[in-house]
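First comes the structure, then the notes that go with it.
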Amino acid sequence: MEFIDPNVVDLSRFQFALTALYHFMFVPLTLGLTFMLAAMETVYVVTGRQIYKDMAQFWGKLFGINFAIGVATGITMEFEFGTNWSMYSHFFGDMFGTPLAIEGLMAFFMESTFVGLMFFGWDRLSKQAHLAITYLVALGSNLSALWILIANAGMNMPEGAHFDPETMRMQFESFVNLVFNPDAQAKFVHTSVAGYVSAAMFVMGISAFYLLRGQHRQFAARSFRMAALFGIISTVAVITLGDVLGRLDYEKQPTKIAAIEGLWHTSKPPFEPWILAALPDDAKQENHFEVGVPLVLTPLITHTFDQPITGMHELEDAAGPRIRSGIEAVSALRRYGVTHSDVDLALFTQHEQDMGYGLLAARHAPNQDVTNIPENQIDAVVKATQPDILPNVFVTFWSFRFMVFLSLWFFALFAISAYVSLKRRLEHNKLLLKLCMWSIPLPILATEFGWITAEAGRQPWTVFGWLPTFLSASSHGVSYMVFSLIGFVLLYSVFIAAELYLMFKFARLGPEHDSMEPHAQHDAPKPSAFDMHPTAS
Amino acid sequence: MTKLLRLAGLAVVLVVSLLFAVFVGDQGPWYFAWVIGTVMIILISGAGAIMLDAQSNLSSDEEI
Ligand code: HEM
């Protein structure tokens with residue numbers, strides 16, 4: 001493998017994290033709002049009441065702003081794999097490229113085509129046909145997320161692939177295993193319903209704003225009620241799938257789950273506490289203080305009362321023999337590349353499952369090449385590599401906790417809001433309405449923390465157990481990386497500013513067509529590119 | 001004739017749904033749960049709105 005400057009690796013990671021986090025400020029609303037629009041339009045088609053069409057059109061306009069600006073941020077990421085992660089693309093391209101291509105071809109085209117029909121088809125299509133289009137947009141946007149999450153699950157829990165010593169890359173084995181990877185399923189549902197939660201909070205918060213101002217009351221009450229019910233069920237779903245993901249991590253990514261739980265030593269079931277707050281110290285490999293709830297951790301993670309969860313120190317110890325075996329695997333593979341002898345191939349096959357650990361050791365080998373390690377240095381290299389198997393515990397631990405604490409807040413807020421709305425006491429509860437309004441950005445924040453948990457927790461690997469991150473980048477110069485990073489920051493900040501400006505502007509203006517409150521119509525804004533259906537209704 | 005076609009269409013949807021339920025329900029239980037769950041979320045939130053219509057006199061200024 002080529003020598004890659006560690007600074008370039010760090011910059012590539014930073015750039016990817018930044019573009020992914022920017023991108024995911026837009027995605028959740030797209031995933032969720034489309035299904036909320038479908039729900040509103042369904043009620044319109046079933047009841048024939050104009051107000052539901054007004055709702056679908058107004059929230060559709062806000063969806064349009066988010067979609068138009070957000071879509072561009074995703075496209076750059078797909079290219080980043082090739083430009084900044086060329087070693088990864090070589091190694092895992094077969095597996096990763098397939099779902100990415102399907103995402104581009106099937107879901108993305110489907111979504112974009114139908115989005116046009118959805119915006120401009122109100123007067124041209126029958127009610128039923130338009131409703132079908134809205135459902136197709138919702139399906140399309142969620143299916144595009146599906147393929148990305150299948151690809152991401154492949155990196156976290158590689159299924160349906162094997163390493164080929166001839167081509168030196170992971171080769172496709174089974175499409176069915178790739179698609180039905182349990183991690184892909186759980187990730188998809190968790191992320192999709194996280195989008196539902198985000199959209200529900202968005203609609204509920206803006207509706208609360210109108211109710212506080214006494215504007216568009218009937219419109220806002222219906223939007224609020226639908227969003228509160230949409231949100232409470234989605235929050236239950238996101239928590240359920242979060243539990244499934246934790247259980248999968250326990251089975252397949254023990255380092256991630258140990259870091260998530262700040263567990264330096266193997267747990268003692270059933271009394272082990274679930275740590276609510278702690279200060280993990282990665283350098284000293286300990287927690288400085290801990291506040292926990294006794295008895296919770298074992299059933300929470302293992303769904304039993306007697307199975308232990310392996311701690312990080314024990315995982316480091318267990319990695320020692322795998323690193324040693326991995327060094328054998330990489331050395332045999334190197335020799336096989338030159339000799340093509342059956343002996344080397346047999347030796348490689350014997351140690352193949354540990355190859356990734358051998359590659360991980362390369363960081364401590366002369367010229368990042370394990371075949372250069374002198375025999376008497378192997379123990380030292382193994383020892384130096386052992387702590388490398390752990391992710392950054394502080395980041396993983398806290399990003400997970402922020403996500404979970406926020407989900408509890410969402411549960412409480414949606415439950416109370418749904419109850420108060422069903423009792424028709426919304427306007428008596430100004431504080432609740434204000435809380436709903438201020439909570440609009442929180443599900444997006446939880447989503448960002450979710451991605452940090454998933455991605456930071458997978459380190460030091462890009463492909464878990466197979467390919468270390470520091471060997472995955474491209475061999476650029478530092479200045480190239482800094483230049484492109486600055487470009488992304490500037491460009492994406494402009495996108496965010498534009499999104500916020502337009503969202504605030506159009507949300508403040510309120511629905512253009514409010515059949516229940518014609519006297520409260522806002523002064524029509526000057527026609528703009530985002531006026532998707534100026535004459536509808 | 002239209003009725004017959006509609007019936008045939010619904011029958012096809014039924015068969016496809018059954019096949020989907022059997023195959024995906026077996027291979028990908030969470031995918032299946034997502035489909036069912038999303039439909040349920042849409043129906044419940046829609047029902048909530050219709051309930052509000054039934055609860056209120058649309059044009060009045062009463063509490064919402
Ligand atoms: C009790 C509640 C929750 C639990 C137990 C939970 C659990 C998890 C876990 C374990 C992961 C890492 C998965 C991996 O190994 O890759 C994750 C990722 C994620 N979470 Fe959560 N989560 C919860 C709530 C939420 C909420 C409320 C949101 C957003 C509204 C959210 C959004 C995400 C996202 C976007 C990811 C990254 C994608 C993925 O890996 O699925 N989560 N969550």
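The values are calculated or read from the model by the stated rules, or taken from the named source; none is laboratory data. If you're wondering where the values come from, they're calculated on a predicted model, not measured in any experiment. Cβ placement follows ideal geometry from the backbone for every residue including glycine, while neighbour counts extend to all protein chains displayed.
For the reader, a short list of remarks on this structure follows.
- Test result for A:L406, crowded, with 19+ Cβ neighbours inside 10 Å, within 14 Å of chain B (Cβ to nearest Cβ), hydrophobic (A, V, I, L, M, F, W, C) and assigned to a helix (DSSP H, G or I): no
- Here A:V238, A:V244 are screened, and the one residue that is near the ligand (Cβ under 9 Å from one of its atoms), at the interface with another protein chain (Cβ under 10 Å from one of its Cβ atoms) and not small (G, A, S) is A:V244.
- The residue that is farthest from the other protein chains (Cβ to nearest Cβ), counting only those in the range A:166-224 that are over 22 Å from A:S144 (Cα atoms) and small (G, A, S), is A:G205.
- Scanning the range B:1-49 for residues that are more than 8 Å from every other protein chain (Cβ to nearest Cβ), polar (S, T, N, Q) and surrounded by 11 or more Cβ atoms within 10 Å (Cβ to Cβ) returns a single hit, B:S17.
- Some residue of the range A:476-485 being modelled with pLDDT under 90, in the same structural domain as A:L29 (by TED's automatic domain parsing) and outside any helix (DSSP H, G or I): yes
- Selection count, the range A:247-275, where residues are of a type in the set (A, V, I, L, M, F, W, C) and within 13 Å of the ligand (Cβ to nearest atom): 6
- Helices (runs of 4 or more DSSP H) (entirely within the range A:126-221) containing at least 1 residues that are within 13 Å of the ligand (Cβ to nearest atom): A:127-156, A:182-213
- Summed over the range A:189-240, the residues that are of a type in the set (G, A, S) and under 24 Å from the mean Cα position of the chain (by Cα) give a count of 12.
- Inspection of the range A:62-73 finds no residue satisfying the criterion of being under 20 Å from A:P460 (Cβ atoms) and either part of a helix (DSSP H, G or I) or in the same structural domain as A:L445 (by TED's automatic domain parsing) (or both).
- If you go through the range A:274-316 and keep only what is closer than 19 Å to A:P391 by Cβ and in contact with a Gly (Cβ under 7 Å, 6 or more places away or on another chain), you end up with A:I275, A:A278, A:P280, A:N287, A:I301.
- Of the residues A:R213, A:R247, A:R225, the single one that is at negative phi, crowded, with 21+ Cβ neighbours inside 10 Å and of a type in the set (K, R) is A:R225.
- A Cβ distance below 6 Å, combined with a sequence gap of six or more or placement on separate chains, defines the contacts here; from the range A:417-439, residues that are within 13 Å of another protein chain (Cβ to nearest Cβ) reach residues that are modelled with pLDDT under 90 and surrounded by fewer than 17 Cβ atoms within 10 Å (Cβ to Cβ) in the pairs A:R424/B:E63; A:E427/B:E63.
- Taking the criterion of being within 27 Å of A:A151 (Cα to Cα) and either surrounded by 22 or more Cβ atoms within 10 Å (Cβ to Cβ) or away from the ligand (no atom under 12 Å from the Cβ) (or both), the only residue of the range A:432-443 that qualifies is A:P443.
- Leading residue by the ranking (nearest to the ligand (Cβ to nearest atom)) among those in the range A:409-427 that are within 28 Å of the chain's Cα centre (by Cα) and crowded, with 22+ Cβ neighbours inside 10 Å: A:F410
- Residue list for the range A:451-465, restricted to those being away from the ligand (no atom under 13 Å from the Cβ) and either under 15 Å from A:A151 (Cβ atoms) or in contact with a Cys (Cβ under 6 Å, 6 or more places away or on another chain) (or both): A:T462, A:V463
- The set of residues in the range A:452-475 that are part of a helix (DSSP H, G or I) and either among the charged types (D, E, K, R) or surrounded by fewer than 19 Cβ atoms within 10 Å (Cβ to Cβ) (or both) comprises A:E455, A:R458.
- Residue in the range A:346-365 that is within 14 Å of chain B (Cβ to nearest Cβ) and either more than 16 Å from the ligand (Cβ to nearest atom) or part of a helix (DSSP H, G or I) (or both) present: no
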